[in-house]
Amino acid sequence: MQRIGDGRTAILMAVFQGAPYLQEMIESLLAQTCGEFVVFFHDDGSTDGSVAILRAYAKQDPEKFRILEGAPLGSAKANFFWMLSQVEADHYMFADQDDVWLPEKVEKTVAFYRKTAQEAPKAARDFACVFTDMYVADETLEVRSDSMIRAIGRDIERTAAGQILMDNPAAGCTMFFGRALRDEIVEAVARADVSKIEMHDQFILAAASLLGVATGLDEPLVYYRQHENNVMGAQKKSLPEKIRRIFSDFFSGRFRAEKQAFLQSSRDTAGELQKLRSLSKEDRRFLSQYVSLGGESKRARLRFYKKYHIERTTKAQTLWMYLWA
(Lines give C-alpha, C1' and ligand atoms only; values in the text may rest on other atoms or scores of the structure.)
Protein backbone atom coordinates (compact mmCIF):
# COMPACT_ATOMS: atom_id res chain seq x y z
CA MET A 1 0.00 0.00 0.00
CA GLN A 2 1.30 3.44 -0.97
CA ARG A 3 0.39 6.46 1.16
CA ILE A 4 0.70 10.18 0.52
CA GLY A 5 -0.45 13.01 2.74
CA ASP A 6 -0.15 16.79 3.07
CA GLY A 7 -3.27 17.33 0.97
CA ARG A 8 -1.62 16.03 -2.18
CA THR A 9 -3.62 14.37 -4.93
CA ALA A 10 -2.89 10.89 -6.25
CA ILE A 11 -3.02 10.78 -10.04
CA LEU A 12 -3.50 7.18 -11.15
CA MET A 13 -2.40 6.26 -14.68
CA ALA A 14 -3.21 2.84 -16.11
CA VAL A 15 -0.72 1.97 -18.88
CA PHE A 16 -0.83 -0.55 -21.70
CA GLN A 17 1.14 -0.30 -24.94
CA GLY A 18 1.30 3.46 -24.47
CA ALA A 19 4.82 4.19 -25.73
CA PRO A 20 3.88 6.37 -28.75
CA TYR A 21 2.14 9.00 -26.60
CA LEU A 22 3.17 8.31 -23.01
CA GLN A 23 6.02 10.78 -22.75
CA GLU A 24 3.94 13.65 -24.11
CA MET A 25 1.23 12.91 -21.56
CA ILE A 26 3.66 12.79 -18.65
CA GLU A 27 5.31 16.03 -19.74
CA SER A 28 1.88 17.69 -19.65
CA LEU A 29 1.65 16.64 -15.99
CA LEU A 30 5.02 18.23 -15.28
CA ALA A 31 3.75 21.43 -16.88
CA GLN A 32 0.79 21.78 -14.48
CA THR A 33 0.38 25.14 -12.71
CA CYS A 34 -0.51 23.20 -9.54
CA GLY A 35 2.04 20.54 -8.69
CA GLU A 36 0.61 19.19 -5.44
CA PHE A 37 0.26 15.63 -6.69
CA VAL A 38 2.02 12.30 -7.00
CA VAL A 39 1.62 10.20 -10.15
CA PHE A 40 1.23 6.43 -9.78
CA PHE A 41 1.69 4.14 -12.78
CA HIS A 42 0.66 0.55 -13.26
CA ASP A 43 1.58 -1.19 -16.48
CA ASP A 44 -0.76 -3.95 -17.66
CA GLY A 45 1.81 -6.06 -19.49
CA SER A 46 3.14 -3.72 -22.20
CA THR A 47 5.77 -4.99 -24.63
CA ASP A 48 6.35 -1.75 -26.54
CA GLY A 49 8.78 0.13 -24.31
CA SER A 50 6.19 1.71 -22.01
CA VAL A 51 7.83 0.26 -18.88
CA ALA A 52 11.21 1.77 -19.77
CA ILE A 53 9.58 5.21 -20.09
CA LEU A 54 7.86 4.85 -16.72
CA ARG A 55 11.05 3.71 -15.01
CA ALA A 56 12.98 6.64 -16.43
CA TYR A 57 10.53 9.15 -14.93
CA ALA A 58 10.38 7.29 -11.60
CA LYS A 59 14.16 7.30 -11.43
CA GLN A 60 14.37 10.97 -12.37
CA ASP A 61 11.89 12.08 -9.68
CA PRO A 62 10.85 9.28 -7.28
CA GLU A 63 8.82 11.68 -5.16
CA LYS A 64 6.65 12.72 -8.11
CA PHE A 65 6.45 9.42 -10.04
CA ARG A 66 5.94 5.98 -8.54
CA ILE A 67 5.36 2.58 -10.12
CA LEU A 68 2.88 0.17 -8.58
CA GLU A 69 4.14 -3.37 -9.06
CA GLY A 70 1.46 -5.93 -9.78
CA ALA A 71 0.28 -8.54 -12.24
CA PRO A 72 -1.56 -7.54 -15.43
CA LEU A 73 -5.29 -7.10 -14.91
CA GLY A 74 -6.57 -7.28 -18.45
CA SER A 75 -8.59 -4.07 -18.77
CA ALA A 76 -8.46 -0.35 -18.03
CA LYS A 77 -11.46 -0.74 -15.72
CA ALA A 78 -9.82 -3.44 -13.60
CA ASN A 79 -6.51 -1.58 -13.64
CA PHE A 80 -7.97 1.68 -12.32
CA PHE A 81 -10.01 -0.08 -9.63
CA TRP A 82 -6.92 -1.98 -8.48
CA MET A 83 -4.76 1.14 -8.40
CA LEU A 84 -7.41 2.92 -6.35
CA SER A 85 -7.20 0.13 -3.78
CA GLN A 86 -3.39 0.41 -3.61
CA VAL A 87 -3.03 4.13 -2.90
CA GLU A 88 -4.19 6.10 0.13
CA ALA A 89 -4.40 9.86 -0.46
CA ASP A 90 -6.62 12.83 0.34
CA HIS A 91 -7.81 13.20 -3.25
CA TYR A 92 -7.74 11.26 -6.51
CA MET A 93 -7.62 11.78 -10.25
CA PHE A 94 -7.28 9.33 -13.14
CA ALA A 95 -5.08 9.86 -16.20
CA ASP A 96 -5.12 8.19 -19.60
CA GLN A 97 -1.77 7.44 -21.20
CA ASP A 98 -2.46 8.98 -24.60
CA ASP A 99 -4.09 12.31 -23.71
CA VAL A 100 -2.51 15.70 -23.02
CA TRP A 101 -3.62 17.85 -20.09
CA LEU A 102 -3.89 21.62 -20.33
CA PRO A 103 -1.46 23.29 -17.87
CA GLU A 104 -4.27 24.54 -15.61
CA LYS A 105 -6.22 21.26 -15.48
CA VAL A 106 -5.30 20.29 -11.92
CA GLU A 107 -5.58 23.83 -10.57
CA LYS A 108 -9.01 24.50 -12.08
CA THR A 109 -10.36 21.08 -11.18
CA VAL A 110 -9.27 21.40 -7.55
CA ALA A 111 -10.84 24.87 -7.31
CA PHE A 112 -14.11 23.58 -8.78
CA TYR A 113 -14.13 20.61 -6.40
CA ARG A 114 -13.63 22.88 -3.38
CA LYS A 115 -16.41 25.21 -4.51
CA THR A 116 -18.73 22.25 -5.12
CA ALA A 117 -17.99 20.71 -1.72
CA GLN A 118 -18.47 24.04 0.09
CA GLU A 119 -21.85 24.60 -1.54
CA ALA A 120 -23.10 21.03 -1.03
CA PRO A 121 -25.17 19.98 1.99
CA LYS A 122 -22.92 18.94 4.86
CA ALA A 123 -23.78 15.24 4.57
CA ALA A 124 -22.88 15.24 0.86
CA ARG A 125 -19.54 17.07 0.97
CA ASP A 126 -17.27 14.11 1.61
CA PHE A 127 -18.78 12.21 -1.31
CA ALA A 128 -18.47 14.91 -3.96
CA CYS A 129 -17.11 14.05 -7.39
CA VAL A 130 -16.52 16.63 -10.10
CA PHE A 131 -15.54 16.26 -13.74
CA THR A 132 -14.77 18.49 -16.72
CA ASP A 133 -15.09 18.42 -20.48
CA MET A 134 -12.37 17.61 -23.03
CA TYR A 135 -11.29 18.68 -26.49
CA VAL A 136 -11.58 15.90 -29.05
CA ALA A 137 -8.33 15.83 -31.04
CA ASP A 138 -6.72 13.72 -33.72
CA GLU A 139 -3.39 11.92 -33.35
CA THR A 140 -1.48 15.17 -33.89
CA LEU A 141 -3.66 16.97 -31.27
CA GLU A 142 -5.49 19.05 -33.86
CA VAL A 143 -8.86 19.84 -32.26
CA ARG A 144 -11.89 18.29 -33.96
CA SER A 145 -14.47 19.27 -31.33
CA ASP A 146 -14.39 21.61 -28.35
CA SER A 147 -16.61 19.26 -26.32
CA MET A 148 -16.17 15.53 -25.89
CA ILE A 149 -19.41 15.41 -23.88
CA ARG A 150 -21.49 16.95 -26.66
CA ALA A 151 -19.61 15.02 -29.36
CA ILE A 152 -20.85 11.73 -27.88
CA GLY A 153 -24.37 13.10 -27.38
CA ARG A 154 -24.28 13.54 -23.61
CA ASP A 155 -25.28 16.44 -21.33
CA ILE A 156 -23.00 17.74 -18.57
CA GLU A 157 -26.03 18.72 -16.46
CA ARG A 158 -27.53 15.24 -16.36
CA THR A 159 -25.95 13.75 -13.24
CA ALA A 160 -28.83 12.07 -11.39
CA ALA A 161 -27.99 8.44 -10.71
CA GLY A 162 -30.61 7.16 -13.15
CA GLN A 163 -29.27 9.43 -15.87
CA ILE A 164 -25.68 8.33 -15.28
CA LEU A 165 -26.70 4.69 -15.49
CA MET A 166 -28.18 5.43 -18.93
CA ASP A 167 -25.76 7.96 -20.42
CA ASN A 168 -22.70 8.68 -18.30
CA PRO A 169 -21.37 12.16 -19.23
CA ALA A 170 -17.99 11.91 -17.47
CA ALA A 171 -14.70 10.44 -18.61
CA GLY A 172 -12.58 9.03 -15.80
CA CYS A 173 -9.58 11.15 -16.80
CA THR A 174 -11.55 14.32 -16.01
CA MET A 175 -12.80 13.30 -12.56
CA PHE A 176 -11.68 14.45 -9.09
CA PHE A 177 -12.90 13.08 -5.76
CA GLY A 178 -11.84 12.61 -2.16
CA ARG A 179 -10.84 9.88 0.26
CA ALA A 180 -14.32 9.13 1.63
CA LEU A 181 -15.72 8.32 -1.80
CA ARG A 182 -12.59 6.32 -2.63
CA ASP A 183 -13.01 4.23 0.52
CA GLU A 184 -16.65 3.51 -0.39
CA ILE A 185 -15.66 2.46 -3.90
CA VAL A 186 -12.76 0.24 -2.82
CA GLU A 187 -14.85 -1.54 -0.19
CA ALA A 188 -17.76 -2.08 -2.59
CA VAL A 189 -15.60 -3.26 -5.49
CA ALA A 190 -13.89 -5.79 -3.22
CA ARG A 191 -17.29 -7.49 -2.88
CA ALA A 192 -18.55 -6.78 -6.38
CA ASP A 193 -18.66 -8.78 -9.58
CA VAL A 194 -16.55 -6.33 -11.58
CA SER A 195 -17.57 -7.99 -14.85
CA LYS A 196 -21.05 -6.56 -14.25
CA ILE A 197 -19.76 -2.99 -13.95
CA GLU A 198 -19.76 -1.27 -17.33
CA MET A 199 -16.86 1.11 -16.62
CA HIS A 200 -15.05 2.45 -13.56
CA ASP A 201 -15.95 6.08 -14.28
CA GLN A 202 -19.69 5.39 -14.58
CA PHE A 203 -19.64 3.40 -11.33
CA ILE A 204 -17.78 6.11 -9.40
CA LEU A 205 -19.90 8.99 -10.71
CA ALA A 206 -23.13 7.11 -10.00
CA ALA A 207 -21.87 6.36 -6.47
CA ALA A 208 -21.14 10.04 -5.93
CA SER A 209 -24.60 10.97 -7.18
CA LEU A 210 -26.21 8.51 -4.77
CA LEU A 211 -24.05 9.27 -1.73
CA GLY A 212 -23.22 12.93 -2.23
CA VAL A 213 -23.00 15.18 -5.25
CA ALA A 214 -21.79 14.77 -8.84
CA THR A 215 -21.36 17.80 -11.05
CA GLY A 216 -19.43 18.93 -14.11
CA LEU A 217 -17.39 21.99 -15.07
CA ASP A 218 -18.34 22.98 -18.62
CA GLU A 219 -14.78 23.64 -19.75
CA PRO A 220 -12.40 21.40 -21.74
CA LEU A 221 -9.16 20.81 -19.83
CA VAL A 222 -7.82 17.76 -21.68
CA TYR A 223 -6.92 17.00 -25.29
CA TYR A 224 -8.62 13.63 -25.82
CA ARG A 225 -6.54 12.03 -28.53
CA GLN A 226 -8.40 9.89 -31.05
CA HIS A 227 -6.49 7.00 -32.59
CA GLU A 228 -7.13 3.43 -33.60
CA ASN A 229 -6.29 1.96 -30.17
CA ASN A 230 -8.68 4.06 -28.04
CA VAL A 231 -10.74 2.03 -25.57
CA MET A 232 -13.54 4.58 -25.91
CA GLY A 233 -14.05 6.88 -28.87
CA ALA A 234 -15.87 10.03 -29.87
CA GLN A 235 -16.74 9.24 -33.47
CA LYS A 236 -20.21 10.34 -34.52
CA LYS A 237 -22.16 8.58 -37.24
CA SER A 238 -23.99 10.65 -39.84
CA LEU A 239 -27.80 10.55 -39.93
CA PRO A 240 -27.88 8.35 -43.08
CA GLU A 241 -25.42 5.95 -41.41
CA LYS A 242 -27.59 5.79 -38.29
CA ILE A 243 -30.73 5.11 -40.36
CA ARG A 244 -29.01 2.35 -42.34
CA ARG A 245 -27.75 0.79 -39.11
CA ILE A 246 -31.20 0.88 -37.49
CA PHE A 247 -32.91 -0.76 -40.48
CA SER A 248 -30.17 -3.39 -40.78
CA ASP A 249 -30.34 -4.23 -37.08
CA PHE A 250 -34.13 -4.25 -37.01
CA PHE A 251 -34.57 -6.72 -39.85
CA SER A 252 -31.71 -8.92 -38.68
CA GLY A 253 -33.12 -9.19 -35.17
CA ARG A 254 -30.11 -7.46 -33.62
CA PHE A 255 -32.04 -4.31 -32.76
CA ARG A 256 -34.15 -5.62 -29.89
CA ALA A 257 -31.31 -7.77 -28.57
CA GLU A 258 -28.92 -4.80 -28.47
CA LYS A 259 -31.47 -2.56 -26.74
CA GLN A 260 -32.27 -5.19 -24.15
CA ALA A 261 -28.57 -5.80 -23.56
CA PHE A 262 -28.06 -2.06 -23.05
CA LEU A 263 -30.75 -1.95 -20.36
CA GLN A 264 -29.46 -5.12 -18.73
CA SER A 265 -25.96 -3.65 -18.53
CA SER A 266 -27.40 -0.62 -16.73
CA ARG A 267 -29.27 -2.85 -14.28
CA ASP A 268 -26.16 -4.96 -13.72
CA THR A 269 -24.18 -1.87 -12.71
CA ALA A 270 -27.03 -0.82 -10.43
CA GLY A 271 -26.83 -4.23 -8.79
CA GLU A 272 -23.18 -3.75 -7.93
CA LEU A 273 -23.89 -0.22 -6.64
CA GLN A 274 -26.06 -1.86 -3.97
CA LYS A 275 -22.81 -2.91 -2.30
CA LEU A 276 -22.00 0.67 -1.29
CA ARG A 277 -22.13 0.60 2.50
CA SER A 278 -23.43 4.15 3.09
CA LEU A 279 -26.49 4.11 0.84
CA SER A 280 -29.67 5.58 2.26
CA LYS A 281 -32.68 3.28 2.60
CA GLU A 282 -34.38 5.14 -0.23
CA ASP A 283 -31.44 4.74 -2.61
CA ARG A 284 -31.00 1.10 -1.68
CA ARG A 285 -34.68 0.51 -2.43
CA PHE A 286 -34.34 2.35 -5.77
CA LEU A 287 -31.39 0.20 -6.84
CA SER A 288 -33.04 -3.02 -5.69
CA GLN A 289 -36.21 -2.26 -7.64
CA TYR A 290 -34.23 -1.25 -10.70
CA VAL A 291 -32.23 -4.47 -10.70
CA SER A 292 -35.40 -6.60 -10.68
CA LEU A 293 -37.29 -4.40 -13.13
CA GLY A 294 -36.78 -6.79 -16.04
CA GLY A 295 -39.38 -9.11 -14.58
CA GLU A 296 -42.08 -6.43 -14.30
CA SER A 297 -44.74 -5.51 -16.84
CA LYS A 298 -43.97 -2.81 -19.38
CA ARG A 299 -46.43 -0.45 -17.66
CA ALA A 300 -44.65 -0.97 -14.32
CA ARG A 301 -41.27 -0.41 -15.96
CA LEU A 302 -42.39 2.86 -17.54
CA ARG A 303 -43.80 4.11 -14.22
CA PHE A 304 -40.49 3.34 -12.57
CA TYR A 305 -38.42 5.05 -15.30
CA LYS A 306 -40.48 8.22 -15.01
CA LYS A 307 -40.50 8.25 -11.21
CA TYR A 308 -36.71 7.93 -10.90
CA HIS A 309 -35.73 9.82 -14.05
CA ILE A 310 -34.21 6.81 -15.80
CA GLU A 311 -33.68 8.78 -18.99
CA ARG A 312 -31.53 9.12 -22.06
CA THR A 313 -29.85 12.43 -22.83
CA THR A 314 -32.59 13.85 -25.07
CA LYS A 315 -36.37 13.61 -24.92
CA ALA A 316 -36.40 11.90 -28.32
CA GLN A 317 -33.92 9.26 -27.11
CA THR A 318 -35.94 8.76 -23.93
CA LEU A 319 -39.22 8.28 -25.84
CA TRP A 320 -37.43 5.88 -28.19
CA MET A 321 -36.17 3.94 -25.17
CA TYR A 322 -39.69 3.78 -23.73
CA LEU A 323 -40.86 2.08 -26.93
CA TRP A 324 -38.52 -0.88 -26.55
CA ALA A 325 -37.86 -0.82 -22.79
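With the checklist (1) in a loop (DSSP other than H, G, I, E, B); (2) modelled with pLDDT under 80; (3) exposed (fewer than 13 other Cβ atoms within 10 Å of the Cβ) in hand, flag the one item residue 233 doesn't pass.
Every condition holds for residue 233 apart from (3).
Suppose we filter 97, 118 for residues that are of a type in the set (S, T, N, Q) and under 26 Å from residue 5 (Cβ atoms); which single one remains?
Testing whether each residue is of a type in the set (S, T, N, Q) and under 26 Å from residue 5 (Cβ atoms) leaves just 118.
Considering every residue within the range 41-56, establish whether at least one is within 23 Å of the chain's Cα centre (by Cα) and either β-branched (Val, Ile, Thr) or within 22 Å of residue 109 (Cα to Cα) (or both).
Looking only at the range 41-56, we keep the residues that are within 23 Å of the chain's Cα centre (by Cα), and these are 41-46.
Those still in the list that are either β-branched (Val, Ile, Thr) or within 22 Å of residue 109 (Cα to Cα) (or both) too: 41.
The answer is yes, given that some residue of the range 41-56 is within 23 Å of the chain's Cα centre (by Cα) and either β-branched (Val, Ile, Thr) or within 22 Å of residue 109 (Cα to Cα) (or both).
When the range 39-66 is examined, which residues are found to be closer than 20 Å to residue 1 by Cα, of a type in the set (A, V, I, L, M) and surrounded by 18 or more Cβ atoms within 10 Å (Cβ to Cβ)?
Listed by number, the residues that qualify are 39, 54.
Just one of 120, 170 is over 17 Å from the mean Cα position of the chain (by Cα) and of a type in the set (Gly, Ala, Ser); which is it?
Among 120, 170, only 120 is over 17 Å from the mean Cα position of the chain (by Cα) and of a type in the set (Gly, Ala, Ser).
Specify the residue that is surrounded by the fewest Cβ atoms within 10 Å (Cβ to Cβ); the eligible residues are those in the range 94-122 that are of a type in the set (D, E, K, R) and part of a helix (DSSP H, G or I).
Narrowing the range 94-122 to residues of a type in the set (D, E, K, R): 96, 98-99, 104-105, 107-108, 114-115, 119, 122.
Narrowing the set further to residues that are part of a helix (DSSP H, G or I) leaves 105, 107-108, 114-115, 119, 122.
Working: 105: 28, 107: 16, 108: 17, 114: 13, 115: 13, 119: 12, 122: 6.
Going through the qualifying residues, I end up with 122.
What tally of residues in the range 1-44 results from selecting those that are in a loop (DSSP other than H, G, I, E, B) and either of a type outside the set (A, V, I, L, M, F, W, C) or closer than 20 Å to residue 68 by Cβ (or both)? Spell out how you get there, then give the answer.
Of the range 1-44, the ones in a loop (DSSP other than H, G, I, E, B) are 1, 4-8, 16-18, 31-36, 44.
The next check asks that each one be either of a type outside the set (A, V, I, L, M, F, W, C) or closer than 20 Å to residue 68 by Cβ (or both); those that pass are 1, 4-8, 16-18, 32-33, 35-36, 44.
So the answer is 14.
Find the residue count for the range 272-325, including only residues that are of a type outside the set (A, V, I, L, M), closer than 30 Å to residue 184 by Cα and not in a helix (DSSP H, G or I).
11
Under 17 Å from residue 37 (Cα atoms) and either assigned by TED's automatic domain parsing to the domain that holds residue 197 or in contact with a helix residue (DSSP H, G or I) (Cβ under 9 Å, 6 or more places away or on another chain) (or both), is that true of residue 120?
Criteria not met by residue 120.
So, in the range 156-201, how many residues would count as being out of contact with any strand residue (DSSP E or B) (no Cβ under 8 Å at 6 or more places or on another chain) and either among the β-branched types (Val, Ile, Thr) or over 24 Å from residue 102 (Cβ atoms) (or both)?
Adding up the residues that qualify gives 25.
Which one is modelled with the lowest pLDDT among residues in the range 137-159 that are among the small types (Gly, Ala, Ser) and either surrounded by fewer than 18 Cβ atoms within 10 Å (Cβ to Cβ) or not assigned by TED's automatic domain parsing to the domain that holds residue 176 (or both)? Walk me through how you get there before you give the answer.
Of the residues in the range 137-159, the ones among the small types (Gly, Ala, Ser) are 137, 145, 147, 151, 153.
Keeping just the survivors that are either surrounded by fewer than 18 Cβ atoms within 10 Å (Cβ to Cβ) or not assigned by TED's automatic domain parsing to the domain that holds residue 176 (or both) gives 147, 153.
Working: 147: 98, 153: 94.
Step by step, filter the range 137-159, then rank; the result is 153.
Within the range 123-136, track down each residue that is in a helix (DSSP H, G or I) and either out of contact with any Leu (no Cβ under 8 Å at 6 or more places or on another chain) or not assigned by TED's automatic domain parsing to the domain that holds residue 214 (or both).
Within the range 123-136, 123, 125 qualify.
The values are calculated or read from the model by the stated rules, or taken from the named source; none is laboratory data. Please read all numbers here as calculations on a predicted model, not as lab measurements. Every residue, glycine as well, gets a Cβ built from its backbone with ideal geometry; the counts of neighbours run over all protein chains shown.
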